[in-house]
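S.K.: Below you will find the structure I want to go over with you.
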Amino acid sequence: MGPLLLLTHTLLSSYFFPGRVVDAQQSFIIKNVLLSIEPSADVTRGTNVTVRCQAVISSSSGQEALSRNYTLIRNNVHLYTKTSSTSDDFLYQLPDARVSQAGKFRCSVNIEGNRKESEAKTLTVTGLSEPVLHLNKYEVVEGDEVTATCAAPGEQGPLYFSLYKDSEEISRDSSTSPLYENKIPFNKAGTHRIHCTYTVFVEPPGFKSNKSNEVTVSVRELTITPVMVISPKSNIFEGDRVNISCSVANSSHSSEGIKLYLSHGNKLLTSGVNQVNHSIVALAKEPWDLDCRFEMGGVIKVTTETLLVTELFSVPTLTMSPAEVFEKDNITLICKSERYASERLSSGELVYSLYPPRDSPSLSGAGVFSRNALQNDFDYTCMAQAKGIEKHSQTLTVRPKVPVSAPRMSVVGRAVVGRPFTIRCRSDAGSLPINYTLLKDDDPVSTVSINQHNQQLGADFSVSVTKPDDVTKYRCEAKNSNRDPRVSARLNTTVTVPLSNPSLRVRPELPEVSEGNPMLLTCSVEGTPPVTFKLYREGRDLPLESKTVEQLSFHYQLERLSKEHSGKYYCEAINPANKVNSEPIDIEVHLAFWKKALIVGFCLLALLVLVVVCVLYFIFKRGKREAAPELSVKPLSPKSDDSLTVNLTHNTEVYNAATARVGRAVVVSVWSERPPEAATDEVSSVLSSEPDVEYTEVVHPQPVDPARVPLRKGTDTVYSELNNSPHGAADPRDYGSVEYAELNGEQPEINHYSPEVKDYQDLPVPVD
């Protein structure tokens, strides 16, 4: 195998077979790594356990030549490592297995840098050794301590020991040693039972042992007793002095470590070693409990006595008269103790004081004080004093009421005729409760009582009016005491009248609206201003003009009209009450006057020209019919049937004509020899600028060749067009003629041909 082929084979093998190694000199595959726990994965404490790790390898040169590196892992911690050059399984022994040796095991095999790991197997070991408890002494006196030792025979790993006294856990500590030691104090006489347990933590929550042996400890009570002496012990009144002593009786112990405490409730009065004394002034407090407390080490003994103290006088109360007071009114404050011990105290011995003090003393020493109410809230207290005893009353807060001020009336929102609106009645000053009454023409309409501070905005009343002046009929009355009510002024506010009768007017009037002139559009309504006017032209969303005015009308002017201004217009009017639209007006902008006059002038001129032309044509045609020309025809030569001479006379004018025969047809050419003076009449003068057109009727008695020309019935008329010179002479340059032949009877149609004149060169050539 070549080097390149060997390298390719190595790469492909490592890619498709993980864990397989292909070497240039030696090839092998780590097919699998197997881990097993013998005899079982679940065993009891004390079983000999073997963890077996087996590497399944395929090698081309024998497995003995491969060096294996085994690693045993428990709970993700490397436990043991071994290198072997044989194919034997790797064995790890756990003799006399303990709970601390349980866990999750994995085995890893590494051969020449190639590593493969087995699946994990969990070893479970159940059963713990019984804990053993030992005390250094089993009989003690109150306050003594006992040393307890708890053992976990044969256990390993992190252990947690717990000590119990009378089934109650009193301590818990961790230890890496199977022995645990701690001291237990005994402060209470009697028999106590002690035991211990331990917990082995392999993986949470661990394994807890059974209960250890129970040991009984006997504790003897100390003969020391605290003693408390009170003098006097009965018939004690406030102000009496009381002496108290606290001491220890039947003490066979030394005073070392002994402490005494004398306290009243939560207040420590005094403390000492063998005996303490204290003197106090008795007060009428319930309960008056006194404690004498003895402590030595952990031993505590307490003696309690209750001291009954008779009240010399009761706590005074402070009252006010009258119960309802207004600012700056006179008030009376009364301070009084309802009870007092008559056998120890007379009523005259009680002295009352008012706080804060004022110049005015109490009346007759009876605790009666006169004051003027302030303008704001004020706190008062009083004190009763006798035989050195002082007692204070509870605080009395005087809240002088504020007289209600004259209310003000206002409208919430906007008042609109015909619609309900709200009238608000409010006083700027005044203590609650306040009663507001709405008056109309001095007659009550409705009453609202304001009792809460969040209603200080005043009372609201709903009303409606039919005309704007009706609002002046309303007034408001406010009252918060027995005093006369305060009345507001009459309501004065703007009342909005809804818009109505919208209209749109045009100036000038509609028939007179024409191009080039100005146009004034006026929108008007009835109601209450301000009014927002909007002028619209149909077909457009935006208004032509929008304006808010204080009047009830609005003007909009177009300075110079055109046909584009034609259309339908309407206006919209808006005030705070409503919105109305006028009826649309269809405005048509007519042509300007000068355009109309110009069109009429052109029409009249065209009509006049037409009339003149018709008249002239009629006159000309009539004159032609009255002077028909005379026509005579003769042959041009006696020897020829093909040529004729035609003489045509019209009035005094003589027209010469020449004919040429083509076949059986006769072609007549006519020219004029009119004298110059023949055109002097009025009609000839008008027509002098135009050539004269005359027609000559020629009758042919014989038809043309019937074989060539179709027959026609009736009379065929041949007309020759005669062109006259403007001066009556024949124009030698214009010889054109139009000829028509009329045949009487059933003659064939004459074909028109241009005559050819061969023998007479002096005749003009006919023109078709």
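The values are calculated or read from the model by the stated rules, or taken from the named source; none is laboratory data. Nothing here was measured: the structure is a model prediction, and the numbers come from that model. Cβ: placed from backbone, ideal geometry, glycine included. Neighbour counts: every protein chain shown. Ligands, DNA and RNA are excluded from the accessible area calculation, which covers all protein heavy atoms including side chains. Shrake-Rupley method; radii C 1.70, N 1.55, O 1.52, S 1.80 Å.
S.K.: Given the whole protein assembly as supplied and a 1.4 Å probe, what does the accessible area of THR422 come to in Å², nearest 10?
M.R.: The value for THR422 is about 40 Å².
S.K.: Please work out how much length the chain gains when fully extended from THR149 to LEU179, using 0.36 nm per residue of separation minus the C-alpha to C-alpha distance, in nm with one decimal.
M.R.: Extra length available between THR149 and LEU179 comes to 10.1 nm.
S.K.: What is segment 214-324 by shape, rounded, prolate or oblate, if you read a ≥ b ≥ c off the alpha carbon gyration tensor as root eigenvalues and call it rounded for a/c under 1.5, prolate for a/b larger than b/c, and oblate otherwise? Show your work: numbers first, answer last.
M.R.: Details: a/c = 3.57, a/b = 2.41, b/c = 1.48.
Cα axes put segment 214-324 in the prolate bin.
S.K.: Further question on the same structure: Treat segment 124-175 as a sphere of radius equal to its Kirkwood radius over Cα pairs and apply Stokes-Einstein at 37 °C in a medium of 0.692 mPa s; give the translational diffusion coefficient in µm²/s, rounded to a whole number. Let's see the in-between values first.
M.R.: Values: Rh = 13.1 Å.
In µm²/s, the coefficient rounds to 251.
S.K.: Still on this model: Expressed in nm to one decimal, what extension gain is obtained for the pair ASP460 and VAL281 from 0.36 nm per residue of sequence separation less their Cα-Cα distance?
M.R.: 58.0 nm
S.K.: Of SER321, THR310, THR332, which is farthest on the positive side of the dipole of segment 277-333, counting Cα position, with +1 on Lys and Arg Cβ, -1 on Asp and Glu Cβ, and the Cα centre as origin?
M.R.: It is THR310, whose Cα lies furthest towards the positive end.
S.K.: Which entries in the list LYS467/LYS568; LYS328/LYS479; LYS165/LYS208; LYS301/LYS387 go over 28 Å, if you measure between the two C-alpha atoms of each?
M.R.: Working: LYS467/LYS568 36 Å; LYS328/LYS479 19 Å; LYS165/LYS208 18 Å; LYS301/LYS387 38 Å.
Listed pairs above 28 Å: LYS467/LYS568; LYS301/LYS387.
S.K.: Under a Cβ-only charge scheme (Lys and Arg +1, Asp and Glu -1), can you give me the dipole magnitude of segment 262-326 about the Cα centre, in debye to the nearest 20?
M.R.: Here segment 262-326 has a charge dipole of around 260 debye.
S.K.: Name the long-range amide H neighbours of ALA97: under 5 Å, sequence gap of 5 or more, or other chain; modelled H, no Pro or chain starts.
M.R.: Placed amide hydrogens put GLY46, THR47, ASN48, VAL49 under 5 Å from ALA97.
S.K.: Within segment 46-152, what whole-number % of the accessible surface is contributed by carbon and sulfur, with the 1.4 Å probe and all protein chains included in the calculation?
M.R.: C and S atoms contribute 43 percent here.
S.K.: How would segment 486-577 be classified by its alpha-carbon gyration tensor: rounded, prolate or oblate, with rounded meaning a/c under 1.5 and the a/b versus b/c comparison settling the rest? Walk me through the numbers before you get to the answer.
M.R.: Values: a/c = 3.62, a/b = 2.89, b/c = 1.25.
It is prolate, given that a/c is not under 1.5 and a/b is the larger ratio.
S.K.: Ignoring ligands, DNA and RNA, how do LEU374, LEU179 rank by accessible area with a 1.4 Å probe, largest first?
M.R.: LEU179, LEU374
S.K.: Another question, then. Contour minus end-to-end for ASN266 and LYS563, with contour as 0.36 nm per residue of separation and end-to-end as the Cα-Cα distance?
M.R.: 96.1 nm
S.K.: Which FRET efficiency, nearest 0.05, do SER58 and GLU119 yield, Cβ-Cβ r, R0 22 Å?
M.R.: Details: r = 20 Å, r/R0 = 0.90.
Efficiency, from the Cβ-Cβ distance: 0.65.
S.K.: Okay, next question. Per residue, how large is the accessible surface of segment 482-571? Use a 1.4 angstrom probe and give square angstrom. Before the final figure, lay out each step's value.
M.R.: On the way: 5300 Å² over 90 residues.
Each residue of segment 482-571 exposes 59 Å² on average to a 1.4 Å probe.
S.K.: Sticking with this one: Heads up, I need the accessible area for CYS523: 1.4 angstrom probe, whole protein in place, Å², nearest 10.
M.R.: Estimated to the nearest 10 Å², CYS523 gives 0 Å².
S.K.: Let me ask you something else. Determine, from the Cβ-Cβ distance of HIS453 and ARG339 and an R0 of 45 Å, the FRET efficiency 1/(1 + (r/R0)^6), rounded to the nearest 0.05.
M.R.: 0.70
S.K.: For ASN243 and ASN136, what does the FRET efficiency come to when R0 = 56 Å and r is the distance between their Cβ atoms, rounded to the nearest 0.05?
M.R.: Details: r = 47 Å, r/R0 = 0.84.
My answer for the efficiency is 0.75.
S.K.: LYS82: which lysines have alpha carbons under 24 Å from its alpha carbon, excluding same-chain residues fewer than 8 sequence positions away?
M.R.: Leaving aside lysines fewer than 8 places away in the same chain, those within reach of LYS82 are LYS31, LYS104, LYS116, LYS121.
S.K.: Hey, another quick one. Rounded, prolate or oblate: pick one for segment 403-500, where a ≥ b ≥ c are the square roots of the eigenvalues of its C-alpha gyration tensor, a/c under 1.5 means rounded, and failing that, prolate if a/b is larger than b/c, else oblate.
M.R.: It comes out prolate by the Cα gyration axes.
S.K.: Which is farthest toward the positive dipole end of segment 66-176 among THR124, VAL140, CYS150, measuring Cα position about the Cα centre, with Cβ charges +1 (Lys, Arg) and -1 (Asp, Glu)?
M.R.: Result: THR124, furthest along the dipole toward the positive end.
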